[in-house]
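Working notes for the structure below.
The values are calculated or read from the model by the stated rules, or taken from the named source; none is laboratory data. Keep in mind that what you see is a predicted model, and the values were worked out from it rather than measured. Because the Cβ atoms are built from the backbone with ideal geometry, glycine has one as well, and the counts that use them run over all protein chains shown. For accessibility, only protein heavy atoms count, side chains too; no ligands or nucleic acids. Shrake-Rupley method; radii C 1.70, N 1.55, O 1.52, S 1.80 Å.
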Amino acid sequence: MLKRKPIDTYIRRATAGLPRLERVDTAAEIRVHLLQKTRELMAQGFPREEAEHLAVQEMGSVAETNRALLGHVFTSSLGWAVVGVMLAGAGAWTYLERDWIFWKDTTIKSTAPESRDIQFAMRQNSSFAVSPQIVPINFHAPRGTRTLEYAIISKHGQYQKTFFAFEWFKGDWTETPAFPGFESDRVPMHVSLLLCEEQLTTKLGHNARGVAIETSIQ
Amino acid sequence: MDPKRIDLDLVLLATLEQGALYGLEIIKEVNTRTDGALEFKEGSLYPALHRLVKANWVETTWQPSTSGGPPRKYYQLTDSGAKACQQKKLEWEQTRNALDALMSKFLEVIPC
């Protein structure tokens, strides 16, 4: 196996990680330096191999030179591994423990009614004159949320009464307390969901599902 | 003496004031002018020079060797490099004067 010359090894390690053009330029410059130094040492009587070795020795620590050329300390695979582990750890911690990241923000989405929603609506009041409007809503709230307030605004007084109920994730239906004023035109009905951590908390927050039931004015 | 403690930038800028030099020439020039008092590892020279280039204090050109070897990369002060050198010399003089004053009082109290 061909043994790599100390000069080549030094240049390769000193310029590792530099952008390609800068690396070529710096490598050429250091090679000229080391070759001239080798020639001078040979002129003093040192054999070539020893002269090359001494020339490289006089350059000092190759790792220090490489760090200084790069301008940062992450010159080894171990350094990058440490950075990788730290970033992965920070990412995992943020994902699991922090609530401010966007996918943990409160979200409220309407979905198509299912048969259970209709059955629930009918259970609430079987004396509906006409079919009620049923709007299932899925909530997601950040971990640690205790109360979620949701407002339903009637359109132009078309609706007389609005029920709101919610179910915990994998839980049972529970009707929310009705706030006064929801019968007035465009007056929001505030709905408070009292979230219980024991029942709802997943690592990413609370999940709940509710259904708004609105009946027409007769 | 470790040049890092006395501002390697100033050492290099002051050395290049006399004209364009290549790396090994700079080291030899520093050794000659300081009688070998300033010694630095040759490997630390190039990162320092590259830093000066990035600061636009020094510019480089590859020139053919006069002694028949491969071309060499010469470093030369720019105008802003010359100004920076003057500023650093001034700062150095102020520091040296302050230290001289301090040490003269110290030596009066505790004669060596």
Do you know which residues across the range B:28-40 are open to solvent by 30 Å² or more (accessible area, probe 1.4 Å) and touching a residue at least 24 places away in the same chain (Cβ under 8 Å)? B:A37, B:E39, B:F40
If I ask for residues that are crowded, with 16+ Cβ neighbours inside 10 Å and away from chain A (no Cβ under 14 Å), which ones from the range B:41-74 would you list? B:W57
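Identify, from the list B:L77, B:L38, B:L12, the residue that is away from chain A (no Cβ under 14 Å) and under 19 Å from A:T65 (Cβ atoms). Step through it out loud before you land on a result.
Working: B:L77 fails: under 19 Å from A:T65 (Cβ atoms); B:L12 fails: away from chain A (no Cβ under 14 Å).
The match here is B:L38.
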Is there a residue being surrounded by 15 or more Cβ atoms within 10 Å (Cβ to Cβ), within 11 Å of chain B (Cβ to nearest Cβ) and not in a loop (DSSP other than H, G, I, E, B) anywhere in the range A:45-54? no
Name every residue in the range B:17-27 that is at the interface with chain A (Cβ under 10 Å from one of its Cβ atoms), open to solvent by 20 Å² or more (accessible area, probe 1.4 Å) and without any contact (Cβ under 8 Å) to a residue 24 or more places away in the chain, in order of residue number. B:E25
Please go through the range B:54-90 and give me each residue that is free of Cβ contacts under 8 Å to residues at least 12 places away in the same chain and not polar (S, T, N, Q), ordered by number. B:K54, B:P64, B:G68, B:G69, B:P70, B:P71, B:D79, B:K83, B:L90
A:E40 versus (1) more than 8 Å from every other protein chain (Cβ to nearest Cβ); (2) over 26 Å from B:S67 (Cα atoms); (3) open to solvent by 50 Å² or more (accessible area, probe 1.4 Å): which is the lone unmet condition? (2)
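Taking only the range A:13-37 into account, find how many residues are more than 10 Å from chain B (Cβ to nearest Cβ) and among the aliphatic types (A, V, I, L, M).
Number satisfying all stated conditions: 4.
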